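For reference, the structure discussed in these notes is given below.
The values are calculated or read from the model by the stated rules, or taken from the named source; none is laboratory data. The structure displayed is predicted, hence computed values, not measured ones. Note that each Cβ is placed from the backbone with ideal geometry, even for glycine, and that neighbours are counted across all protein chains shown.
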């Protein structure tokens, strides 16, 4: 378990007032999971227009898989439910869990069972309303993602071990709106990662995925790339595949604003001593606004998360001895400095996830000492 070095602890104590002043906390740190567990990992979070939110996390189960639990909270941060048992026999890779929250308080959970990628819909009180198989016939689905639009429609993206990348759009009630979309097929012998999806205000969406070759080229470089493709509200492709980056990178995220433009972010290691989170923005027509730019350069990072608001502003959270955050204006410029998310920089605080709504309210959840899930709400300060 990673502990804070003493010099860094002292530095954080001195910097704590300025770090917290960077954003406006909406109340103290709170415990998401009710009880300490042997293991509580892989948190996910979603927020709706009112500011209420739901958190999802993974815990140990039996030989057939782990257990998913969730808990819903009101806009003021008060719990709306206790812990809700979502599912057992969950095949968690850390990249195949997702949650979305509707404006009426109902929520959707995406996960992989031993035989299918499953979509569950729950009422505000945690009552199961729908159990849908999104993809079946695979021993497990290694990566999957979900993105909800303002009208409640949502898109699910997933990949299989054979290299196929697929997507499908669903109604607010979780019913399929059209057939499965064949997005891409990774070349035989190569490896695919993702996809990551983002739905816009009109039901249009973008799918991003990454590939890496199974062996290095003569120069010793392992070829890879990040690709994206746009789709209209009727799930019809808009244009060809878009090259986002010409080399393989990890921890890809994609976000879309109300005007239709989108942002793809990823983590790269340009030198042996630095880890950099890059971002690249594209117009609604898929035209890049610029080359990739470093958003969070030169920090110790293991996990990162990115969430975009309808106006194009975004918040980034990452771990590196603790959990930190940074808000960016729609033009990509941070109006205020990096901030410390937890109240106490002690223990092993890791794997943050973040969700933001149109009012600039956002919530960050993270795993705390691997035995519980914690969270904190914020209001983005404007310049």
Checklist entry - If you take the residues of the range 165-198 that are at pLDDT below 90 and over 22 Å from the mean Cα position of the chain (by Cα), which of them is surrounded by the most Cβ atoms within 10 Å (Cβ to Cβ)? => result 186
Checklist entry - Condition test on residue 28, is it in contact with a strand residue (DSSP E or B) (Cβ under 7 Å, 6 or more places away or on another chain) and modelled with pLDDT of 70 or more? => result no
Next on the checklist: For residue 342, only one of the following conditions fails: (1) more than 18 Å from the chain's Cα centre (by Cα); (2) in a strand (DSSP E or B); (3) surrounded by 19 or more Cβ atoms within 10 Å (Cβ to Cβ); (4) modelled with pLDDT of 90 or more. What is its number?
Outcome noted: (2)
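I want to confirm something. Restricting to the range 50-59 and keeping residues that are part of a loop (DSSP other than H, G, I, E, B) and touching a strand residue (DSSP E or B) at 6+ places or on another chain (Cβ under 8 Å), which single residue is surrounded by the most Cβ atoms within 10 Å (Cβ to Cβ)?
Here the residue is 52.
This table checks each residue for (1) surrounded by 19 or more Cβ atoms within 10 Å (Cβ to Cβ); (2) without any contact (Cβ under 8 Å) to a residue 60 or more places away in the chain.
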{"position": "293", "(1), (2)": "no, yes"}
{"position": "296", "(1), (2)": "yes, yes"}
{"position": "312", "(1), (2)": "yes, yes"}
{"position": "315", "(1), (2)": "yes, no"}
Item to check | Pick from the range 99-115, criterion over 17 Å from residue 52 (Cα atoms) and crowded, with 18+ Cβ neighbours inside 10 Å, ranking: modelled with the highest pLDDT | outcome: 110
Checklist entry - Can you tell which of 274, 201 is surrounded by fewer than 21 Cβ atoms within 10 Å (Cβ to Cβ), out of contact with any helix residue (DSSP H, G or I) (no Cβ under 9 Å at 6 or more places or on another chain), in contact (Cβ under 8 Å) with a residue 60 or more places away in the chain and closer than 27 Å to residue 352 by Cβ? => result 201
Item to check | Odd one out for residue 329, checked against (1) surrounded by fewer than 22 Cβ atoms within 10 Å (Cβ to Cβ); (2) closer than 20 Å to residue 44 by Cβ | outcome: (2)
Checklist outcome for this item: Picked from the range 345-376 (must be within 29 Å of residue 257 (Cα to Cα) and in a loop (DSSP other than H, G, I, E, B)), the residue farthest from the chain's Cα centre (by Cα) is 359
Item to check | Residues of the range 75-102 satisfying the condition of being outside any loop (DSSP other than H, G, I, E, B) and under 14 Å from the mean Cα position of the chain (by Cα) | outcome: 98, 99, 100, 101
Checklist entry - If you scan the range 103-123, which residues turn out to be part of a loop (DSSP other than H, G, I, E, B) and either touching a residue at least 40 places away in the same chain (Cβ under 8 Å) or within 20 Å of the chain's Cα centre (by Cα) (or both)? => result 103, 105, 106, 113, 114
Checklist entry - Checking residue 62 against (1) surrounded by fewer than 18 Cβ atoms within 10 Å (Cβ to Cβ); (2) closer than 16 Å to residue 174 by Cα, which test does it fail? => result (2)
